[in-house]
Amino acid sequence: MLLQVDDLRAGYGEMEILHGVSMALDDGELVTIIGPNGAGKSTLVKAIFGLIRPTGGRVQFRGKEITGAAPRDLVIMGLGYVPQTNNTFPTLSVLENLEMGAITRRISPIPTPWSGRSSSRTRSRMMKDAEIRRRATEAIAMFPNLQPKLRELAGTLSGGEQQMVALAKSMMLDPDVLLIDEPSAGLAPKLVDAVFSKIVEINDGGTGIVIVEQNAKKALAIADRGYVLETGRNRFTGTGESLLHNSDVGRLYLGGAA
């Protein structure tokens, strides 16, 4: 199993949001997390990525426990995260944003306690400027509409274009797992289709993806497997197709009968 979450509990201060959530992601899968507002969807991916320290349960990546590991360490291990907001550097150019996506490999020559890699192995994963530029070229090739805008400030781009920059930036280190939080938030329907198309393309390239999404129908339509959360607990689990056509899921979360 690529990513395994068991009985995870987490929250903010004294308020527990996740009350024992479990999920799994296998190699090459695209898993969707849906549910009503306040269900704990974003809290789940933040806890997996170390932005919130879990108070119970565990997270494993390729069989190694990473519960509570720092985001910087997780990025080096092969996990990426695209937050819902503030996911680009608005005063930097598109190209500079991509280069920032590789910063942990550029400044982290010391092995972490989570990596299990030797010093020589860790140093071999460091990226020189030439390799960073090469990776930026590869990343931008996935988003050709951004090619003519490499020198433009990310903050001047449309919402959809900024989401594309965030996705491209997240691919700079070729992650094994990409956690994406609400990629369609605030986007026009046409732009939503473009963003989802790119997410599928990234997944088809071999990156495992966990996507938190309010647009439940569209997210389940592209998912291998889905999890429905409610009040911080697992409510339904199944393939994306089975959940999409589940009458209870449809009635409660998809705006009508499936």
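The values are calculated or read from the model by the stated rules, or taken from the named source; none is laboratory data. A quick note: this is a predicted structure, and the numbers were derived from the prediction, not measured. FYI the Cβ positions are ideal-geometry reconstructions off the backbone, even for glycines, and counts take in every protein chain you see.
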Q: Specify the residue that is farthest from residue 102 (Cα to Cα); the eligible residues are those in segment 155-180 that are touching a Phe, Trp or Tyr at 6+ places or on another chain (Cβ under 6 Å) and assigned to a helix (DSSP H, G or I).
A: 164
Q.
If residue 72 satisfies all but one of (1) assigned to a helix (DSSP H, G or I); (2) in contact with an Asp or Glu (Cβ under 9 Å, 6 or more places away or on another chain); (3) not polar (S, T, N, Q), what's the number of the condition it fails?
A. (2)
Q. Restricting the first residue to segment 138-154 and requiring it to be on the phi < 0 side of the Ramachandran plot and free of Cβ contacts under 8 Å to residues at least 12 places away in the same chain, which pairs with a second residue that is part of a helix (DSSP H, G or I) and crowded, with 19+ Cβ neighbours inside 10 Å meet a Cβ separation below 7 Å and a spacing of at least six or different chains?
A. 147/140
**Q.** Residue count for segment 11-25, restricted to those that are modelled with pLDDT under 95 and under 18 Å from the mean Cα position of the chain (by Cα)
**A.** 0
Q: Kindly provide the set of residues from segment 235-250 that are surrounded by fewer than 17 Cβ atoms within 10 Å (Cβ to Cβ) and in a strand (DSSP E or B), ordered by number.
A: 237, 239
Q: Evaluate the following for residue 181: is it among the charged types (D, E, K, R), buried (at least 17 other Cβ atoms within 10 Å of the Cβ), under 26 Å from residue 36 (Cβ atoms) and in contact (Cβ under 8 Å) with a residue 40 or more places away in the chain?
A: yes
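Would you check if residue 24 is crowded, with 16+ Cβ neighbours inside 10 Å, part of a helix (DSSP H, G or I) and among the small types (Gly, Ala, Ser)? Outline the logic, then answer.
On the way: crowded, with 16+ Cβ neighbours inside 10 Å: yes; part of a helix (DSSP H, G or I): no; among the small types (Gly, Ala, Ser): yes.
So residue 24 does not fit the description; no.
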Q: State all residues of segment 27-50 that are in contact (Cβ under 8 Å) with a residue 40 or more places away in the chain, surrounded by fewer than 23 Cβ atoms within 10 Å (Cβ to Cβ) and small (Gly, Ala, Ser); if no residue qualifies, say none.
A: 28, 38, 42
